[in-house]
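The values are calculated or read from the model by the stated rules, or taken from the named source; none is laboratory data. In this text, all values refer to a predicted model and were calculated from it rather than measured experimentally. Cβ: placed from backbone, ideal geometry, glycine included. Neighbour counts: every protein chain shown.
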């Protein structure tokens, strides 16, 4: 990487002294990726499961309001694999298709906002005990857990940075659609190869030396009242032309999950939820809320690219 290397920021808490000290740290995004060992060699299981498009739908994602350079991110190793989904199938263990979980090591069908708080996490930021999960990826019937996962918290383009607020404690939301029958817009869900910028709606066959990646963007507007909704999507919306719909007045960070898989991809790639266009991701906010607010204030409000946080 050329140029000055961006220092990794840490937040155990937010005080005036800490913010003052952080203000003088030079920044440059550190290298991406955090390798860890593979999960189970072979896992079976398929069923219906979580999926959401959000009001406005994925067609409003990405080019109409996403992006923006202001950001911080966490690196999360995979934690465990369960056929659970505490958002779509709460208190119903084994009712979901198989999910690969990241972050909070305790996330399961019975997880609540209270039970997740303060638990051990596989994410780089110890203050982030959130649960993140995606469907298991397979090739030839063999499960291939993600080798590394990056979760970006972006300010988004066409926004006044100071108006972006932290996700409320206990917020639950879903991106993508596990029940999709056709590909979603690549601005919302896309596949690519490491080291390449071209994205596609289906997993490409990556050249030798490159691995398959999946990128998914969550809704970035909140209704300001509900932490979840009956369909798990009506309380959230995507920006339209960079603006939140009037009935979703709260601008929240643009959350993007990037997963890298130890495979070259190709047409044999399938998911526990079905075809590759059913790729989806879930987020259950269990950050230490003062730390999350601190990162939003320092990185997003101040227009700083903070890189990976700890």
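Observations
- Any chance residue 214 is modelled with pLDDT of 95 or more, closer than 18 Å to residue 144 by Cβ and surrounded by fewer than 16 Cβ atoms within 10 Å (Cβ to Cβ): no
- All positions within the range 101-129 that are in a strand (DSSP E or B) and either under 25 Å from residue 229 (Cβ atoms) or free of Cβ contacts under 8 Å to residues at least 12 places away in the same chain (or both): 101, 102, 103, 104, 128
- Flag for residue 183 being under 14 Å from residue 253 (Cβ atoms) and either assigned to a loop (DSSP other than H, G, I, E, B) or without any contact (Cβ under 8 Å) to a residue 12 or more places away in the chain (or both): no
- Verdict on residue 222 being touching a strand residue (DSSP E or B) at 6+ places or on another chain (Cβ under 8 Å) and closer than 22 Å to residue 188 by Cβ: yes
- Screening residue 220 against (1) more than 27 Å from residue 77 (Cβ to Cβ); (2) in contact (Cβ under 8 Å) with a residue 40 or more places away in the chain leaves a single unmet condition, (1).
- Of all residues in the range 135-151, at least one satisfies being crowded, with 17+ Cβ neighbours inside 10 Å and either under 19 Å from residue 232 (Cα atoms) or touching a helix residue (DSSP H, G or I) at 6+ places or on another chain (Cβ under 8 Å) (or both).
Residue-by-condition table, conditions (1) under 19 Å from the mean Cα position of the chain (by Cα); (2) without any contact (Cβ under 8 Å) to a residue 24 or more places away in the chain; (3) more than 18 Å from residue 173 (Cα to Cα):
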| residue | (1), (2), (3) |
| --- | --- |
| 209 | no, yes, yes |
| 247 | no, no, no |
| 264 | no, no, yes |
| 290 | no, no, yes |
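- Any hit, the range 269-285, residues being touching a residue at least 12 places away in the same chain (Cβ under 8 Å), surrounded by fewer than 22 Cβ atoms within 10 Å (Cβ to Cβ) and farther than 21 Å from residue 97 by Cβ: no
- Scanning the range 152-180 for residues that are out of contact with any helix residue (DSSP H, G or I) (no Cβ under 8 Å at 6 or more places or on another chain), surrounded by fewer than 23 Cβ atoms within 10 Å (Cβ to Cβ) and within 23 Å of residue 261 (Cα to Cα) yields one hit, 152.
- The range 195-206, residues that are surrounded by fewer than 17 Cβ atoms within 10 Å (Cβ to Cβ), touching a residue at least 24 places away in the same chain (Cβ under 8 Å) and more than 19 Å from residue 280 (Cα to Cα): 205
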